[in-house]
1. B:Asp124: open to solvent by 50 Å² or more (accessible area, probe 1.4 Å) and touching a residue at least 40 places away in the same chain (Cβ under 8 Å), yes or no?
2. Does any residue of segment A:95-110 turn out to be within 16 Å of DNA strand D (Cβ to nearest atom) and away from every other protein chain (no Cβ under 13 Å)?
3. Please give the number of the condition A:Leu57 fails out of (1) within 16 Å of DNA strand D (Cβ to nearest atom); (2) part of a helix (DSSP H, G or I).
4. Every residue in segment A:50-66 that is in contact (Cβ under 8 Å) with a residue 24 or more places away in the chain, within 19 Å of B:Ala45 (Cα to Cα) and away from DNA strand C (no atom under 11 Å from the Cβ), please.
5. Can you confirm whether A:Ile15 is away from every other protein chain (no Cβ under 14 Å), within 27 Å of A:Ile145 (Cα to Cα) and more than 11 Å from DNA strand C (Cβ to nearest atom)?
6. Scan segment B:60-73 for residues that are in a helix (DSSP H, G or I) and either surrounded by fewer than 22 Cβ atoms within 10 Å (Cβ to Cβ) or among the polar types (S, T, N, Q) (or both) and report the count.
7. Taking the criterion of being under 25 Å from B:Ser51 (Cα atoms), touching a helix residue (DSSP H, G or I) at 6+ places or on another chain (Cβ under 6 Å) and part of a helix (DSSP H, G or I), would at least one residue in segment A:105-117 satisfy it?
8. Of all residues in segment A:28-49, which are more than 10 Å from DNA strand C (Cβ to nearest atom) and either under 17 Å from B:Gln148 (Cα atoms) or part of a helix (DSSP H, G or I) (or both)?
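The values are calculated or read from the model by the stated rules, or taken from the named source; none is laboratory data. For clarity, every value in this text was computed on a predicted model and none was experimentally measured. Note that each Cβ is placed from the backbone with ideal geometry, even for glycine, and that neighbours are counted across all protein chains shown. Accessible surface areas use protein heavy atoms only, side chains included; no ligands, DNA or RNA. Shrake-Rupley method; radii C 1.70, N 1.55, O 1.52, S 1.80 Å.
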Protein chains: 2
Amino acid sequence: MSDLDDIRDRLRAAILRGTYAPRQRLIETELAEEYRASRFLVRNALIQLASDGLVELQPNRGARVREISVPEAVEITEIRQAVEGLVARRAAELITDEEIAELQAIGEGLAEAVSQGELLRYSDLNATLHSRIRDIAQHATATRIIEQLNAQLVRHQFQLSLLPGRPAVSLPEHLAIIDAVCSHDADGAERAMRTHVGGVAGTISTLDPQGRPVDQEPAW
Amino acid sequence: MSDLDDIRDRLRAAILRGTYAPRQRLIETELAEEYRASRFLVRNALIQLASDGLVELQPNRGARVREISVPEAVEITEIRQAVEGLVARRAAELITDEEIAELQAIGEGLAEAVSQGELLRYSDLNATLHSRIRDIAQHATATRIIEQLNAQLVRHQFQLSLLPGRPAVSLPEHLAIIDAVCSHDADGAERAMRTHVGGVAGTISTLDPQGRPVDQEPAW
DNA sequence: GTTCGCAAGATCGTTGACAATCCTGGTGAC
DNA sequence: GTCACCAGGATTGTCAACGATCTTGCGAAC
């Protein structure tokens, strides 16, 4: 439980939370003061976050929050499509009765959230669903890679479920995934997951034709 | 071009080359002396290699070369199957006439190497083929992930092409991939690649039922 | 008015030393 | 003979200071 891990996690959380804007410079001395840590610790934390792909590290020029362009987000989502497809297949093969009940409960929650317009709850349950499916699939390598990729595009994903009409499209897709996984239909589960994540990729690619991220001032 | 990158790359190369055995402890002061670098640089290099999955980092207990078990190698190969399938599809869509000629030349080289029993040349051309297909697909994220995964199982892969009878199985698979990619057959390319890498996964899983890596003393 | 060069400030890169932690081997009690 | 305990050494974790590099703003030459 070293301080290094601590500050790295806090910094990561701050970046994911949007405390620092993309392309914003992360100055070691400032961060050191902010987190009451030595510059040394900040520095090592930045190195770690850089190999996670969250910050960009230029020699002698410091660190900045890495900006994920829309094309890059699409690429990332394409990989997710392939890997999550594999995960869904495995989940369908391995799921237990107990877990089936759990997934179905999540499905009901999703439908409820959409019908009542609770977008944030929908977004949360969405993340929970994908995460639980990964747990069920018991594929450590896939889980690691998906989480690594997800961390890089939280910002894009976040905006996704707030798009008007988006839940109406993705809800049936989610339910189809749940159905297939719960009925031990490996082929169907892979297909449903690929369709779903493929849709996400498509939606992301329409966000901004210029290839630049949607740059509205964050309200938080 | 900082020294940090330099020593990290040299350390990585050394691990991949087998200079340090799996599970071997990597002591910071020793490495620092060996590479004529400060302990600080070594330390940060180790942190980066840890997030690449090449070394294992335990707090207060130092670093050791990560050992990839056979089940883990299978997992990694399963991911490769999914991602390289995607890459092959993209390559089939994007390939130019010039690149078609190049791939076909590689195919002839592979056949020749097998017929003349040149296992090492076959193994090299194999790596070249996969690498060139990645180049053609122009998918930076996929390339990054595949290379990250490959780095983790060089040892297993290395032994694979030396297995008796293995080239006889994998040569036609490789030729099928080349055919499909060169004829702009996206579906076929994905299918052929998935079949091929799936075969690799299957072969790896037979290496040692105990789930421990094959532990023969390296001859180098 | 523009461009180039230079100097000052800001920031990163590296070092060596010290503190904290863990592992090892030996000693003694039971 | 076995176990708990406790040095002492080995190794990692952290720090503050110094040196290297880059950026910025000013001024002079054209």
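1. Values: open to solvent by 50 Å² or more (accessible area, probe 1.4 Å): yes; touching a residue at least 40 places away in the same chain (Cβ under 8 Å): no.
No, not satisfied.
2. Filtering segment A:95-110 for residues within 16 Å of DNA strand D (Cβ to nearest atom) gives none.
No, segment A:95-110 contains no residue that is within 16 Å of DNA strand D (Cβ to nearest atom) and away from every other protein chain (no Cβ under 13 Å).
3. (2)
4. The first filter runs over segment A:50-66 and keeps only residues in contact (Cβ under 8 Å) with a residue 24 or more places away in the chain, leaving A:52-55, A:62-66.
Adding the requirement that they be within 19 Å of B:Ala45 (Cα to Cα) leaves A:52-55, A:62-63.
Of everything in segment A:50-66, those that are in contact (Cβ under 8 Å) with a residue 24 or more places away in the chain, within 19 Å of B:Ala45 (Cα to Cα) and away from DNA strand C (no atom under 11 Å from the Cβ) turn out to be A:Asp52, A:Gly53, A:Leu54.
5. Details: away from every other protein chain (no Cβ under 14 Å): yes; within 27 Å of A:Ile145 (Cα to Cα): yes; more than 11 Å from DNA strand C (Cβ to nearest atom): yes.
Considered against the rule, which asks whether it is away from every other protein chain (no Cβ under 14 Å), within 27 Å of A:Ile145 (Cα to Cα) and more than 11 Å from DNA strand C (Cβ to nearest atom), A:Ile15 comes out as yes.
6. At the first step, the residues of segment B:60-73 found to be in a helix (DSSP H, G or I) are B:70-73.
Add one more test, that the residue is either surrounded by fewer than 22 Cβ atoms within 10 Å (Cβ to Cβ) or among the polar types (S, T, N, Q) (or both), and what stays is B:70-72.
Residues flagged as in a helix (DSSP H, G or I) and either surrounded by fewer than 22 Cβ atoms within 10 Å (Cβ to Cβ) or among the polar types (S, T, N, Q) (or both) within segment B:60-73 amount to 3.
7. Of all residues in segment A:105-117, those under 25 Å from B:Ser51 (Cα atoms) come to none.
The answer is no; no qualifying residue exists.
8. Of everything in segment A:28-49, those that are more than 10 Å from DNA strand C (Cβ to nearest atom) and either under 17 Å from B:Gln148 (Cα atoms) or part of a helix (DSSP H, G or I) (or both) turn out to be A:Glu33, A:Glu34, A:Leu41, A:Ala45, A:Gln48, A:Leu49.
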